[in-house]
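What follows is a set of notes on a single structure, which appears directly below.
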Amino acid sequence: MTEKAKLPVGIEDFEEMRSMDYYYIDKTGLIRTLLENPGKVTLFTRPRRFGKTLNMSMLKYFFEIGSDIMPLNNGTLFDGLEISREEKLCDQYMGKFPVISISLKEAAGESFDTAKRILRSVIGDEALRFSFLSESDKLTETERQQYAKLIELDDRGEYAMSDELLSKSFLTLSRFLQKHYGQKTILLIDEYDVPLDKAYQSGYYDAMVDLIGTMFGRVLKTNSSLGFAVLTGCLRISKESIFTGLNNFNVYTVKDVQYNEYFGFTDAEVRALLEYYGFTAKYDTIKEWYDGYRFGELEIYCPWDVISYCHALKMCPSITPQNYWVNTSSNSIIRRFIDRAKGATKVEIEGLISGGSIKKEIHQELTYKDLDADINYLWSILFTTGYLTQCENDDQELTELVIPNKEIRWIFIKQIQEWFESETKKDIQKLESFCRAFEENDTDAIENGFTDYLRKTISIRDSSVRKELKENFYHGILLGLFAGMKGWIVRSNAESGEGYSDISVEVEDRGIGIIIELKYAENAAFEDGCKEALKQIRDRNYEEALIDDGMTTIRRYGIACYKKRCRVSSE
């Protein structure tokens with residue numbers, strides 16, 4: 001039996017992908033499309049973890065001088081791939097250019113000085129790849145000395161280049177490479193907007209805009225040594241911000257049909273991958289959790305999620321889907337959005353979480369300052385960063401937006417719960433009184449208090465959402481309210497008796513045990529919901545574990561919820 005190729009979890013280097021026998025979904029058609037649609041500067045914007053970095057690595061290995069003689073089974077890294085069938089393009093472009101390849105993914109710091117230090121390190125390391133320039137007879141002595149300044153270290157072992165040299169480092173390096181090779185330089189900048197994002201969050205945005213704008217302006221405008229440049233990022237930053245004066249500047253976003261199949265996995269690619277590894281039975285689950293993005297006219301899966309889940313399936317075939325994408329960033333944009341949501345916006349969020357859609361004007365060209373200028377800009381940011389996607393039917397002015405899949409819906413709900421917890425903690429006295437009502441068996445106070453809290457949060461209200469998901473939402477809200485109670489031992493879905501109770505609490509100093517079962521009351525059938533919940537507590541003997549732990553008084557609560565109302569019964 002032939003051994004299967006390895007799953008490329010976290011592999012972003014094209015050479016490693018191809019030479020180390022990883023499963024590769026062929027995206028080399030991107031090279032052909034790029035060459036057939038030339039532009040001096042091309043920017044691709046896609047959400048994080050959609051293959052931008054791997055594609056940039058692919059471009060580097062294709063164009064860089066020497067790549068056409070890199071051995072892979074006596075061939076090249078591109079043998080057998082789509083681009084290899086384009087013999088004329090390969091002969092003309094493959095392995096023919098000096099390439100500067102930079103990722104700004106790590107170029108972020110809490111201060112401007114820290115960010116500049118990291119930028120110097122990133123650019124200095126790339127310049128060091130071309131150490132032959134220090135002895136190149138194609139450069140003048142002055143130019144060789146200028147190159148030496150790019151890689152010079154200070155007493156701490158850090159790159160010592162001045163601010164002026166840093167600002168023209170791309171330009172300088174491109175000129176020296178062009179002179180050495182007699183061929184124009186290709187510039188690849190991955191995650192170009194990360195330094196701006198961090199600068200905005202940390203309070204030095206204007207200074208970073210000036211630096212990045214100068215660096216890009218010098219290398220991208222009127223630079224006769226530049227063949228072309230390709231940039232990637234999540235956001236399309238306003239031309240007036242860092243791309244001032246650029247002509248022949250092509251931008252391809254998630255709304256464009258061009259290049260849409262080259263970032264992320266198509267449905268056919270996912271089906272082929274699952275068939276290869278024997279996971280075809282998981283297709284519907286993977287589609288529900290990780291599909292749903294729409295780039296141009298194509299439906300796209302998040303590749304990070306698909307690969308990560310398939311890797312988990314190899315380890316444990318029965319494992320359920322996990323939230324992989326959520327762990328690759330802070331998701332702070334969701335929190336910022338929820339913090340500012342009022343009135344109609346809260347209703348719109350509820351509709352989205354419940355599987356509905358909204359229509360909004362999407363502003364594709366933004367500055368980070370726009371984030372706080374108008375909440376309507378935040379809809380655009382949520383769209384471009386992958387938290388929302390467009391529906392199939394789109395018009396010229398408004399874009400119909402939806403949450404793409406189950407994983408992203410979970411992120412929204414999680415962020416809402418965390419926001420709600422922080423909001424409720426602002427009134428500790430009110431919160432403690434609500435929780436003490438459970439100890440005193442005061443169902444009226446519990447009912448009134450919980451209803452008041454529900455009115456303030458964002459709920460799941462649509463009938464299309466499964467009952468279990470709705471119950472989980474109320475479950476999470478109640479857990480959040482209990483989280484800060486001193487002297488309470490709170491357990492969620494704890495095994496007890498003949499099953500798992502929704503929430504159990506031990507108030508140790510008073511010997512009180514509390515059991516709570518939550519039900520979603522379809523069509524406001526509160527009484528039926530409460531009866532069902534209490535019956536489940538009795539039938540499954542949930543109090544057994546509390547009694548075993550020495551609780552002498554047991555409080556049993558059935559709570560039925562519907563939209564932003566609830567009913568509480570006890571016995």
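The values are calculated or read from the model by the stated rules, or taken from the named source; none is laboratory data. The structure presented is a predicted model; accordingly, all values stated were derived computationally and were not measured. Neighbour counts are summed over all protein chains in view; Cβ atoms, including those assigned to glycine, are modelled from backbone coordinates with ideal geometry. With ligands, DNA and RNA removed, areas are computed over all heavy atoms of the protein, side chains included. Shrake-Rupley method; radii C 1.70, N 1.55, O 1.52, S 1.80 Å.
Here the chain is treated with +1 on each Lys and Arg Cβ and -1 on each Asp and Glu Cβ, and its dipole about the Cα centre works out to around 880 debye. A 1.4 Å probe, protein heavy atoms only, puts the accessible area of Asp339 near 70 Å². Report, in degrees rounded to the nearest 10, the 0 to 90 angle that the Cα long axis of helix 205-220 makes with the longest principal axis of the chain. Once rounded, the angle reads 30 degrees. Extending 7 Å from Cα along the Cβ direction at Tyr283 and again at Ser357 yields two label points whose distance is 2.4 nm. Phi-derived couplings, Karplus 6.51 cos²θ - 1.76 cosθ + 1.60 at θ = phi - 60°, listed residue by residue for the range 501-515: 6, 4, 9, 10, 10, 10, 9, 4, 5, 10, x, 9, x, 10, 10 Hz, with x used for Gly and Pro. With K and R counted +1 and D and E -1, the other residues having a Cβ less than 9 Å from that of Ser136 yield a net charge of 0. Rounded, prolate or oblate: which one fits the range 325-453, using the alpha carbon gyration tensor with axes a ≥ b ≥ c (rounded when a/c is under 1.5, else prolate when a/b beats b/c, else oblate)? Prolate, since a/c reaches 1.5 and a/b exceeds b/c.
Relative contact order, whole percent, for the range 55-175 stands at 18, derived from Cα pairs under 8 Å and 6 or more residues apart. When you restrict to C-alpha pairs under 8 Å that are six or more residues apart and normalise by the size of the range 285-357, the relative contact order lands at 19 percent. Quick check for you: which residues of the range 541-566 have the amide N under 16 Å from the point 7 Å beyond the Cα of Ile489 toward its beta carbon? 543-555, by backbone N distance to the label point. Distance from the Cα centroid of the range 118-168 to that of the range 240-296 is 37 Å (rounded to whole angstrom). The accessible surface of the range 343-394, taken with every protein chain in place and a 1.4 Å probe, is 42 percent carbon and sulfur.
Using per-residue counts of other Cβ atoms within 10 Å, averaged over each peptide, order 483-489, 39-45, 220-226, 154-160 from highest down.
39-45, 220-226, 483-489, 154-160
Net charge of the neighbourhood of His363, taken over other residues with C-beta under 10 Å away and scored Lys/Arg +1, Asp/Glu -1, is -2. Note: relative contact order over the chain, using C-alpha pairs below 8 Å and six or more positions apart, is 11 percent. Counting only residues at least eight positions apart within a chain, or on another chain, the lysines with an alpha carbon under 16 Å from that of Lys60 are Lys27, Lys52, Lys96, Lys184. Treating r as the C-beta distance of Thr33 and Glu3 and R0 as 41 Å, the FRET efficiency rounds to 0.75. For the chain, the longest principal axis of the alpha carbon atoms and the long axis of helix 267-277 meet at an angle near 80°. Under 5 Å between amide hydrogens, built in the peptide plane, is the criterion, and for Ile503 it picks out Asn493, Ile516 among residues at least 5 positions away or on other chains. Here the spin labels are modelled as points 7 Å beyond Cα on the Cα-Cβ line, and at Lys314 and Lys346 they lie 4.7 nm apart. Around Met17, under 12 Å between beta carbons, what's the net of Lys plus Arg minus Asp minus Glu among the other residues? Net charge around Met17: -3.
Quick one: angle between helix 428-439 and the longest Cα principal axis of the chain, in degrees between 0 and 90, rounded to 10, please. Roughly 50 degrees, rounded to the nearest 10. Placing pseudo-labels 7 Å out from each Cα toward the beta carbon at Gln201 and Leu398 gives an inter-label distance of 3.3 nm.
Sorting the segments 514-521, 297-304 by their mean number of nearby beta carbons within 10 angstrom, highest to lowest, gives 514-521, 297-304.
What are the aspartates and glutamates whose alpha-carbon lies under 12 Å from the alpha-carbon of Lys369, with same-chain residues fewer than 8 places away excluded? Excluding near neighbours in sequence, the set is Asp197, Asp206.
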